[in-house]
Amino acid sequence: MKNILILGSSYAGISTAHRILKQSSKTGPVKITLVSPNTHFYWTMASSRGLIPGQFSDDQMFQPISAGFKQYVEAQFEFILASAESLDVDNKSVGISGGRTLKYDFLILATGSHYKGDTPLKGLGSTEATQTALHDFQAQIQKAQKIVVAGGGVTGIEVAGEIAYEYGSKKEVILIASNPTLLHESPPFISKFATKELHNLNVTLKLGTKITSHTHSTPDNKHHLLLSNNEKLVADLYIPTFGLLPNSSYIPSNFLNENGYLVVDDFLAVKGAKDVWAIGDVSAVEPSQFIYADKQSGFLAKNLGLLLSGKPVLKYKVATSRIFGFQVGKKAGTAHYGNWVQMPGFVIVRVRKNLFLEKFVGLLDGSGL
């Protein structure tokens, strides 16, 4: 029996565990050990709206990880609540919090990513820490009259749009982006769409502008921002949505690129390490999006099945065109693949009505894979 260790309860980590276990009747028995610092899986696809008070309950946004694997016996699956702290590929071992060392035959690195600061748009190291930060942000948004959102990517646009849609003229929302256009790497019509819809929601845009300094004043509980054009802003709440970082601090630097992402080969195997693969946000191979994490998960599970069966493995086909969809508030949305619109706006809004929360249980227990 092969001992397969998976680090990280990300979308990629959980789905890959289920996929490997589901095919084990054909490929031979395996033992999956899933290590995560979180007791619950956080549905980050809904986190932009989840920052708004009253939109989703904790039970909707967080589900216990262990419950999703209750159909497997102990000989097949084990969940360990811990953080990865070190990796020794020569001895095929991982050091985890609590002073334990875990050995593996195969290792899958799926530890995901996080944002700079304490914005709970992704996990913050533990379920308790993430929930506490989320509740705190909800309370701050409820009270704030002037809110500054920084970042001209999808996350910044969605956060600003959700706040402006919910509160209208009751709150002043300002979106700051360092590039001269929103979503500057996307086709121009996508940027124009986002700009128009944010204007329709009365969001003030400050484009081609950087925040050069930020201080949080304790006496008045205000955020003081200095912009690159020397403008000074005083806000009740500041929400940074840039600076996505891979959770790779436990990995020796020789396996990482200059930005801290794992470098993999044509088979998603970590270069320079035997029997180690990396998928999802921690890998440098594709953008940090669910669609790519799911694609990589399916591929790796299939390849491990071939490997366990003694058959030749396949090469991974990296996506050559970017695909993503997003919303600006609850009634406007779009998507694009390469240089063309994938679906009309009303379809995007309908598909993303509940931000895919209906798929939560199916991913967590493997029934929807």
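A few remarks follow.
- Selection status of S93, small (G, A, S), surrounded by 13 or more Cβ atoms within 10 Å (Cβ to Cβ) and closer than 30 Å to A46 by Cβ: no
- Qualifying residue in the range 22-31 (condition: closer than 22 Å to I279 by Cβ, small (G, A, S) and crowded, with 19+ Cβ neighbours inside 10 Å): yes
- The combined condition, being touching a residue at least 24 places away in the same chain (Cβ under 8 Å), in contact with a strand residue (DSSP E or B) (Cβ under 9 Å, 6 or more places away or on another chain) and acidic (D, E), is fulfilled by D275.
- Of all residues in the range 288-302, those that are in contact with a strand residue (DSSP E or B) (Cβ under 8 Å, 6 or more places away or on another chain), of a type outside the set (S, T, Y) and within 21 Å of E185 (Cα to Cα) total 2.
- Among residues of the range 46-58 that are under 14 Å from G329 (Cβ atoms), those with a Cβ under 8 angstrom from a residue that is in a helix (DSSP H, G or I) and among the β-branched types (V, I, T), sequence gap 6+ or separate chain, pair up as S48/T155; S48/V159; L51/I141; L51/V159; L51/I163; I52/I141; I52/I163.
- Y316 vs. criteria touching a helix residue (DSSP H, G or I) at 6+ places or on another chain (Cβ under 9 Å), of a type in the set (F, W, Y), at negative phi and not in a helix (DSSP H, G or I): yes
Yes/no per residue for (1) among the aliphatic types (A, V, I, L, M); (2) out of contact with any strand residue (DSSP E or B) (no Cβ under 7 Å at 6 or more places or on another chain); (3) at pLDDT below 95:
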{"residue": "A144", "(1), (2), (3)": "yes, no, no"}
{"residue": "E162", "(1), (2), (3)": "no, yes, no"}
{"residue": "Y165", "(1), (2), (3)": "no, yes, no"}
{"residue": "K171", "(1), (2), (3)": "no, no, no"}
{"residue": "H184", "(1), (2), (3)": "no, yes, yes"}
{"residue": "P187", "(1), (2), (3)": "no, no, yes"}
{"residue": "H199", "(1), (2), (3)": "no, yes, no"}
{"residue": "L205", "(1), (2), (3)": "yes, no, no"}
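- Number of positions in the range 228-271 that are in the same structural domain as V173 (by TED's automatic domain parsing) and free of Cβ contacts under 8 Å to residues at least 60 places away in the same chain: 5
The values are calculated or read from the model by the stated rules, or taken from the named source; none is laboratory data. These numbers were taken from a predicted model, which means no experiment stands behind them. Here the Cβ is made from the backbone with ideal geometry for all residues, glycine too, and neighbour counts use every protein chain on show.
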